[in-house]
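Inspection log for the structure reproduced underneath, given as structure tokens.
The values are calculated or read from the model by the stated rules, or taken from the named source; none is laboratory data. Computed from a prediction, not measured in an experiment: that's the story for all the values here. Don't worry about glycine lacking a Cβ; one is built from the backbone with ideal geometry, like all the others, and counts go over all protein chains shown.
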Ligand code: ATP
């Protein structure tokens with residue numbers, strides 16, 4: 001039996017006295033993309049914060065690679081292989097692509113040449129733009145740069161929050177192709193996404209979160225049938 005890279009069991013969490021997640025169970029096996037969908041305010045980002053250790057569960061279990069990690073600090077979870085791309089993507093806009101990569105030398109104990117080689121092999125577009133300021137990259141290219149940083153540490157679990165934010169649909173489709181290929185390398189990926197259908201197109205499993213509860217989980221096809229109820233007929 002494969003051990004899930006990330007598993008939440010009947011997990012509760014929130015902010016102060018306000019509970020946002022009311023007993024959520026979710027599994028993300030290795031080499032798998034799981035899409036977490038749901039309307040605004042459902043608790044999707046909160047769930048990612050719990051998985052990355054910035055919000056602590058108040059009940060239930062959080063397992064990483066089969067190990068119980070409730071209450072572990074964010075740095076410990078990062079050490080255990082959980083990687084969340086920070087909001088704002090965590091790149092240095094006033095440095096070139098190559099300089100950004102230099103800043104990350106030492107992350108994952110890679111030398112400068114290895115960092116660049118790995119990144120440009122995986123994302124040739126970034127290689128072509130190595131001398132360009134990161135802040136002037138297109139949104140999709142910036143997202144690739146952020147993802148390449150995350151991948152330098154060889155994460156076991158990658159948490160992606162709304163990577164499509166502000167991007168054109170075609171760029172989003174390209175990015176999700178990359179997400180799919182990254183998962184094929186063995187990484188477990190949990191994506192939170194507004195563009196539900198785009199995420200479902202590459203996901204292996206999906207779940208709908210509404211008001212802090214998983215209301216549907218299954219294959220993308222099974223979940224897609226219930227999208228309209230999740231979004232109350234909104235643009236899913
Ligand atoms: P969206 O799709 O709009 O980003 P979401 O599903 O990611 O929504 P969360 O950001 O997890 O939802 O928010 C869930 C609830 O928790 C919301 O009611 C939100 O106002 C509340 N919340 C989020 N962050 C905090 C915080 N730091 N302190 C207090 N309440 C918070």
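In table form, for the structure just shown:
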read-out: Filter result for residue 3 (under 21 Å from residue 188 (Cα atoms) and surrounded by fewer than 13 Cβ atoms within 10 Å (Cβ to Cβ)); value: yes
read-out: Selection status of residue 69, surrounded by fewer than 21 Cβ atoms within 10 Å (Cβ to Cβ), away from the ligand (no atom under 15 Å from the Cβ) and over 23 Å from residue 218 (Cα atoms); value: yes
read-out: Set 175, 167: member being away from the ligand (no atom under 15 Å from the Cβ) and in a loop (DSSP other than H, G, I, E, B); value: 167
read-out: Evaluation of residue 36 against (1) at pLDDT 90 or above; (2) surrounded by 19 or more Cβ atoms within 10 Å (Cβ to Cβ); (3) outside the structural domain of residue 194 (by TED's automatic domain parsing) (one fails), failing number; value: (3)
read-out: Any chance residue 54 is within 22 Å of residue 202 (Cα to Cα), surrounded by fewer than 17 Cβ atoms within 10 Å (Cβ to Cβ) and at pLDDT below 95; value: no
read-out: Lone unmet requirement of (1) within 22 Å of residue 201 (Cα to Cα); (2) surrounded by fewer than 16 Cβ atoms within 10 Å (Cβ to Cβ); (3) without any contact (Cβ under 8 Å) to a residue 60 or more places away in the chain for residue 184; value: (3)
read-out: Conditions (1) within 16 Å of the ligand (Cβ to nearest atom); (2) under 12 Å from the mean Cα position of the chain (by Cα); (3) crowded, with 21+ Cβ neighbours inside 10 Å; number of the one not met by residue 162; value: (3)
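Residue by residue, here is whether (1) modelled with pLDDT under 90; (2) surrounded by 14 or more Cβ atoms within 10 Å (Cβ to Cβ); (3) closer than 28 Å to residue 51 by Cβ holds:
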{"position": "79", "(1), (2), (3)": "yes, no, yes"}
{"position": "93", "(1), (2), (3)": "no, no, yes"}
{"position": "132", "(1), (2), (3)": "no, yes, no"}
{"position": "135", "(1), (2), (3)": "no, no, no"}
{"position": "143", "(1), (2), (3)": "yes, yes, yes"}
{"position": "158", "(1), (2), (3)": "no, yes, yes"}
